[in-house]
Amino acid sequence: MTINIYTTPTCGYCQMVKNFLKEKGIEYAEFDVSADKEKADEMVKKSGQMGVPVIEIGDDIVVGFDKKKISELLGL
């Protein structure tokens with residue numbers, strides 16, 4: 001399962017998501033939307049949101065650090 005996280009360097013919730021996934025030993029790809037306009041546009045197209053984090057888990061999108069939803073989608 002592919003996991004992508006759209007983040008910015010100053011986002012506290014982004015760091016919380018990354019720490020949570022690292023603690024669980026789950027690999028992910030991270031995209032800094034403050035430095036990559038193409039990825040920022042992609043994030044908005046997929047989620048309809050400008051805020052971060054946006055987490056893409058397979059075909060599902062989670063906006064914000066929704067630990068319960070992320071755990072559910074990952075089968076934790």
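List of remarks:
- Percent RCO, i.e. relative contact order, over the chain, from Cα pairs under 8 Å lying at least 6 residues apart: 37
- Among the GluC sites (Glu not before Pro) in the chain, those placed in a DSSP loop whose Cβ has at most 10 other Cβ atoms within 10 Å are Glu27.
- When the C-alpha to C-alpha distance is required to be over 18 Å, the pairs from Lys22/Lys67; Lys45/Lys69; Lys46/Lys68 that qualify are Lys45/Lys69; Lys46/Lys68.
- In the range 1-55, trypsin sites (Lys or Arg not before Pro) in a DSSP loop with at most 14 other beta-carbon atoms within 10 Å: Lys24
- Label-reachable residues, the range 18-47, where backbone N falls under 16 Å from a point 7 Å from Val63's Cα toward its Cβ: 40-47
- Degrees separating the helix 12-23 axis from the principal Cα axis of the chain, which is the longest one: 40
- Kirkwood estimate for the range 6-47, i.e. one over the average of 1/r between Cα atoms, Å: 11.0
- FRET efficiency estimate (nearest 0.05) - Cβ-Cβ, Leu74 to Ser34, R0 30 angstrom: 0.70
- The range 1-59: antiparallel DSSP beta bridges as a percent of all, rounded to 5: 50
- For the chain, a simple Cβ point-charge model (Lys and Arg +1, Asp and Glu -1, everything else neutral) yields a dipole of about 260 debye relative to the Cα centre.
- In summary, the convex hull built on the alpha carbon positions of the chain has an orientation-averaged projected area of 4.5 nm².
Any read-out appearing in this document is the output of simple, stated calculations on the displayed coordinates, not a laboratory observation. It should be emphasised that the depicted structure is a prediction, and the values quoted were computed from it without experimental measurement. As a convention, Cβ positions derive from the backbone with ideal geometry for all residues, glycine included, and neighbour counts pool all protein chains shown.
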